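The structure appears below as structure tokens.
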Amino acid sequence: MARNILSPQFFLPHDSVKLGRLTTSVDQPHQNYHDPAGTKPPEVLISVRDAYTGVRQTATGSGFGSGLTSLMSAALSKRARTNLRVTTDQVKTYVLANSDDWFEEATGIPATRSWIERQIDRGRKLYVVVGFHTITDARIVQESARQTSAQGHAELPASLSLAALGAVAPLGNILDPSIEGHHYDLDDDKAHFLAAGEQVCAFQYRKLCHRWLSSNKLDQSQLSKLPRWASVETWRDAEDDEDDVIEVELTQELDLDGEWHQQQVAGDELLFIHSIASHDKES
């Protein structure tokens, strides 16, 4: 099953992430990452989903777009402690084509090899962004916002700002009614937060696994089917028995840490989001 990780920031600018990026965190791929330089632009597969309104659905057969906005609505509502609903005009999916071939080419770059080794030496898990999902012109709708007659604007709870909801800053074109002077809509006692344009909200990853080998024990006549190279860290070959060759591969299993909420959608796809309590502890 395809595993899709919802961003705890909910909305990320489209230009803040890239396919083929190596990162140490499935929650924050825009932090501590490496974009392999020198590779040809990756082949990208793009699919467009229908527009959806997120409501709290639990049916395992729900479509991907409705499942995505539904889970976002539930998570935002729980964090804000008020009833919120996410609507969007379009859900779009970007997928890295031939990720194994791309990975083999990327790991031939010296700077990428060095970055991978440094993260492994620091005990960090590594992931590759092989897909992400975006929503276009998303609105976060709060039910029963009160309107004041004097100023003609909605009174929102103090906790209901995008920063309080955990959204990443800067937010690009997101209009936050908690900031004076910004525009939002008020219709039938419903306040609308607008995230104009295309925002990234969920990711697909493959985990990078590795093992160390000793060049003294390798059969040099037998070619490896996996990317392999002599360590760029010179201290590894200081002793004859030191493992000084690293072999890497991409796997489907993510080995996620912490507590996660999971929802099955569209038959063979899974949506994951860090539980609010677990994420708040780690933050």
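Brief remarks on what is shown
- Computed packing ranks the peptides 5-14, 36-45, 257-266 as 5-14, 257-266, 36-45, most packed first, by mean other Cβ atoms within 10 Å.
- Of the cross-linked pairs 78/207; 125/225; 92/225, those separated by over 24 Å at the C-alpha level are 78/207; 92/225.
- Under 5 Å from the amide H of residue 21 lie the amide H atoms of 129, each residue being 5 or more positions distant or on a separate chain, with H modelled from the backbone and absent for Pro and chain starts.
- Sorted peptide list for 99-112, 79-92, 129-142, criterion being average Cβ within 10 angstrom, highest first: 129-142, 79-92, 99-112
Laboratory data are not the source of any read-out in this text; all were calculated from the coordinates shown. Every value quoted in this text rests on a predicted model; they were computed, and no experiment measured them. A quick note on method: Cβ atoms are made from the backbone with ideal geometry, for glycine too, and the neighbour counts reach across all protein chains shown.
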